[in-house]
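First comes the structure, then the notes that go with it.
The values are calculated or read from the model by the stated rules, or taken from the named source; none is laboratory data. Note that this is a predicted model, so its numbers are computed, not measured. Note that we place each Cβ from the backbone using ideal geometry, even for glycine, and neighbour counts take in every protein chain shown. These accessible areas exclude ligands, DNA and RNA; they are computed on the full protein's heavy atoms, side chains included. Shrake-Rupley method; radii C 1.70, N 1.55, O 1.52, S 1.80 Å.
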Amino acid sequence: MAGKVTLVGAGPGDPGLLTVKGLRALLGAEVVVYDRLVSPAVLELIPDGARRIDVGKEASHHPVPQARINQILLEESQAGHNVVRLKGGDPFVFGRGGEELETLARAGVAFSEIPGVTSAIGAAAYGGVPVTHRDYASSLHIITGHAREGAALDIDFEALVRTKGTLVFLMGVTAMPAIVKGLLAAGMDPATPAAMVERGTLPGQRRCGAALAALPARAAEMEIHSPALIIVGSVCALAEELCWFERLPLHGRRILVTRPRERAGTLSDALREQGAEVVEFPCIRTEPILPCPAMERALEQLADYEWLGFTGAAGVEAFWSCLRGMGRDARALGNVKLAAIGSATGKALEARGLTADLIPEICDGAHMGAALAKKAAGRVLLLRAEEGSPALPDALAAAGIAFDDIPVYRTIHDNSRARELRTELEAGRFDYVTFTSASTVRGFVSAVGPDADFSRFLGLCIGPQTAKEAEKRGIRVRIGGRAAIDALVELAENLSAGEQDL
Ligand code: SAH
């Protein structure tokens, strides 16, 4: 089959700014060739099965030369692959997209182009700068501030000043003082509002606003680095009022999310929506214990049980694969009632067409045990984690209820990124670390090392059991108002707003 290349604009960084069409192309890609400026959050959207080729850096830290990139695109598409060429912002705005498509056109390779949100407009917008405005600017000019090696800037400053429009310089951080000098020499008012937006649309976005003549000093003071835009024009004065992104409750906060890999999504998304920079540290992942002869035996005799209890979505998954592996389906459950420890476990049951008969008000073993003890008369089958807390079986035993407790999944500790994270944690680079279960605390501590300095961040815990486990390891904790993900997000917002003292 003939291959093809789709040139896709990834937008300035926020993955929400990728177009619907761009996302569709990405999800269907077999090979993705991407640049340095494509944000990690967008790269996370690349499907697992797709091969990634990073042309933004090489071992020597020099980018891959354009001729070599063109050659990679040709080779991969001619080998029959569906190739997505992913570029920061819009591919045709200082992105060499045109050059790459020319190569493909000449070689007769099928191609198409999906525009992206250029940083010139997108990063400005997140910085509170509307690039045109009826009262201030009626034209927009996008200019490169990059000079060819050894050459001076080739910009007609007089012409730019005459436009009276908004000027946006890309690739101009190094040349910024020269650009400002050029504009002033061409007669621009030194009081003209100007701004720089660094890492625009990304959680770490910073904005630097100043009158044109003062911009170099202000940017040096703030140590503004690439990637950043320089915006010059009256519209920059609106930023103080319109910089909505910087006002998000968690803007500037860096949060480590320690949920198991498969389940990190919702919490991370909710925190990001409030402006936080989220780093996912899937320090534990769950693995079903399969084959599991004890579970098989119990499932053969399901009719002997009145209740079936699950303490995690992973338990539901292990139960379901075991049942299906035995050639049976939901009908095997007959009249057995189902208990789930919390809403995520309840959802895992729902996904299989099963509704939980009981979910305790508070999501932990002790409350599930108490709730079951009240309702159960017959035998209970618990399908749990290998290292599950004793609170649940203890509560059943205390109430004199007969039960079988079978471990059906285990938690695997994943230490691959631990060293790097420890350094960052100890340097105070995280404000908060979220813990959604006692086992995430154990996974986290064993990954970064129990002797690490835990004093530089606050542990945000889903409930008292999780908090107890964290405190035992010397972590300073705060507990959410309810045992739910949205309560954790709320807790972070309140702390960030300084409503609770640290
Ligand atoms: N095709 C890209 C631009 C590539 S040139 C686009 O349409 O956005 C690279 C320059 O873009 C950088 O030097 C910087 O000036 C700007 N840039 C890219 N992403 C940015 C971001 N997130 N915030 C601020 N500037 C950005």
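Key figures
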read-out: Which listed residue is touching a helix residue (DSSP H, G or I) at 6+ places or on another chain (Cβ under 6 Å) and under 25 Å from residue 479 (Cα atoms), from 425, 396, 392; value: 392
read-out: Close pairs (7 angstrom Cβ cut-off, 6 or more residues apart or separate chains): under 10 Å from residue 190 (Cβ atoms) in segment 211-223, of a type outside the set (A, V, I, L, M, F, W, C) and surrounded by fewer than 17 Cβ atoms within 10 Å (Cβ to Cβ) anywhere; value: 211/190; 212/190; 213/190
read-out: Criterion: closer than 29 Å to residue 277 by Cα and exposed (fewer than 14 other Cβ atoms within 10 Å of the Cβ) - qualifying residue of 99, 44, 75; value: 44
read-out: Residue check for residue 460: under 24 Å from residue 411 (Cβ atoms), of a type in the set (A, V, I, L, M) and part of a strand (DSSP E or B); value: yes
read-out: Filter result (open to solvent by less than 50 Å² (accessible area, probe 1.4 Å) and not in a strand (DSSP E or B)) within segment 103-116; value: 103, 104, 107, 109, 116
read-out: Those residues of segment 371-383 which are touching a residue at least 40 places away in the same chain (Cβ under 8 Å) and open to solvent by 20 Å² or more (accessible area, probe 1.4 Å), in sequence order; value: 375, 377, 378, 379
read-out: Pair list, Cβ < 9 Å and 6+ apart or interchain, from segment 77-92 residues that are farther than 10 Å from residue 6 by Cβ and touching a residue at least 24 places away in the same chain (Cβ under 8 Å) to residues that are open to solvent by 30 Å² or more (accessible area, probe 1.4 Å) and near the ligand (Cβ under 6 Å from one of its atoms); value: 87/37; 88/37; 88/119; 88/227; 89/37; 89/119; 90/119
read-out: Number of the exception - residue 267 against (1) within 16 Å of the ligand (Cβ to nearest atom); (2) open to solvent by less than 50 Å² (accessible area, probe 1.4 Å); (3) within 20 Å of the chain's Cα centre (by Cα); value: (1)
read-out: Options 400, 388: the member that is touching a Ser or Thr at 6+ places or on another chain (Cβ under 8 Å) and not charged (D, E, K, R); value: 388
read-out: Given (1) within 24 Å of residue 250 (Cβ to Cβ); (2) crowded, with 22+ Cβ neighbours inside 10 Å, number of the condition residue 439 does not satisfy; value: (1)
read-out: Meets criteria (touching a residue at least 12 places away in the same chain (Cβ under 8 Å) and within 19 Å of residue 226 (Cα to Cα)) for residue 25; value: no
read-out: Matching strands (runs of 3 or more DSSP E) fully within segment 121-226 where at least 1 residues are among the acidic types (Asp, Glu) and within 11 Å of the ligand (Cβ to nearest atom); value: 193-198
read-out: Near pairs, Cβ below 6 angstrom, 6+ apart or cross-chain, from segment 1-21 (among the aliphatic types (A, V, I, L, M)) to any residue that is open to solvent by 60 Å² or more (accessible area, probe 1.4 Å); value: 5/111
read-out: Residues (assigned to a loop (DSSP other than H, G, I, E, B) and within 17 Å of residue 439 (Cα to Cα)) located in segment 463-492; value: 463, 473, 474, 475, 483, 484
read-out: Selection within segment 196-206 - of a type in the set (Gly, Ala, Ser) and crowded, with 18+ Cβ neighbours inside 10 Å; value: 200
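Condition check ((1) among the acidic types (Asp, Glu); (2) in contact with a helix residue (DSSP H, G or I) (Cβ under 6 Å, 6 or more places away or on another chain); (3) surrounded by 13 or more Cβ atoms within 10 Å (Cβ to Cβ)) across all residues:
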site	(1), (2), (3)
139	no, yes, no
149	yes, no, no
156	yes, no, no
160	no, no, yes
165	no, no, yes
183	no, yes, yes
194	no, yes, yes
